[in-house]
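Just below is one structure, and these are the notes that go with it.
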Amino acid sequence: MKLYKLFLITLLVGCSSTTEEQETRVDINALDLTRDKSKTENYWVVTNRSYPKYPVSAARKGISGCVEFSFVIDKLGKAQNIQIINSVPENTFNKAAMKSMKEFRWAATKNNDSLQPVLTTLQLDFSTSPKQTVAKCIAS
């Protein structure tokens with residue numbers, strides 16, 4: 001009987017744990033600026049831009065691409081509710097891009113003294129050549 005209880009507790013604890021890939025949704029009353037990303041700069045400016053590590057397997061194959069995110073900049077200047085809305089090629093750069101997004105930081109502008117959270121988007125590009133554009137990302 002004790003073994004059965006131990007097994008049940010282990011199963012419940014294991015099922016309730018989350019992986020790094022899962023994001024916790026935070027209920028934030030954010031201003032939606034996804035249709036006009038330039039307005040984000042009226043509220044927040046990037047203070048820490050994190051450049052993602054290029055996956056070695058993609059670099060060896062010469063694969064370029066992008067990952068586009070939707071997220072909320074919260075009152076602390078951190079990205080919350082991060083969602084991938086486009087990924088080219090699918091899943092190739094997601095892990096590296098997500099790690100990078102979590103390290104970005106923003107500071108409120110003088111116009112945003114109330115620290116108004118905003119919903120916005122950001123695209124991280126991956127290219128093996130500095131001058132190469134990622135046409136597939138722009139077209140999608």
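The values are calculated or read from the model by the stated rules, or taken from the named source; none is laboratory data. Being a predicted model, the structure only gives us computed values, none of them experimental. Counting neighbours? That spans all protein chains shown, and the Cβs are built from the backbone with ideal geometry, glycine included.
Search the stretch 94-104 for residues being basic (Lys, Arg) and within 21 Å of SER57 (Cβ to Cβ), and hand back the single one that is surrounded by the most Cβ atoms within 10 Å (Cβ to Cβ).
Across the stretch 94-104, the extreme among qualifying residues is LYS95.
Every residue in the stretch 33-65 that is under 17 Å from the mean Cα position of the chain (by Cα) and assigned to a loop (DSSP other than H, G, I, E, B), please.
Passing the criteria: LEU33, THR34, ARG49, SER50, TYR51, PRO52, LYS53, TYR54, PRO55.
Looking only at residues that are in a loop (DSSP other than H, G, I, E, B) and surrounded by fewer than 10 Cβ atoms within 10 Å (Cβ to Cβ) in the stretch 1-24, which one is modelled with the highest pLDDT? Break it down into steps so the answer makes sense when it comes.
At the first step, the residues of the stretch 1-24 found to be in a loop (DSSP other than H, G, I, E, B) are 1, 17-24.
From what is left, the residues that are surrounded by fewer than 10 Cβ atoms within 10 Å (Cβ to Cβ) are 1, 17-22, 24.
Numbers: MET1: 49, SER17: 38, THR18: 38, THR19: 40, GLU20: 42, GLU21: 42, GLN22: 45, THR24: 55.
Only one residue fits best here, namely THR24.
I'm checking my understanding of the structure. Among residues of the stretch 57-87 that are among the β-branched types (Val, Ile, Thr) and at pLDDT 95 or above, which one is farthest from ILE28 (Cα to Cα)?
The selected residue is VAL67.
Working only within the stretch 32-43, note down all residues that are more than 13 Å from SER70 (Cα to Cα) and surrounded by 10 or more Cβ atoms within 10 Å (Cβ to Cβ).
LYS39, GLU41, ASN42, TYR43
Taking the residues in the stretch 105-126 that are hydroxyl-bearing (Ser, Thr, Tyr) and part of a strand (DSSP E or B) as candidates, determine which candidate is farthest from LYS61 (Cα to Cα).
Here the residue is THR120.
So which pairs qualify, if the first residue must be in the stretch 86-110 and over 16 Å from TYR51 (Cα atoms), the second must be acidic (Asp, Glu) and surrounded by fewer than 19 Cβ atoms within 10 Å (Cβ to Cβ), the Cβ gap must be under 6 Å, and the two must be at least 6 apart or on different chains?
Note: pairs meeting the criteria are ASN86/GLU68.
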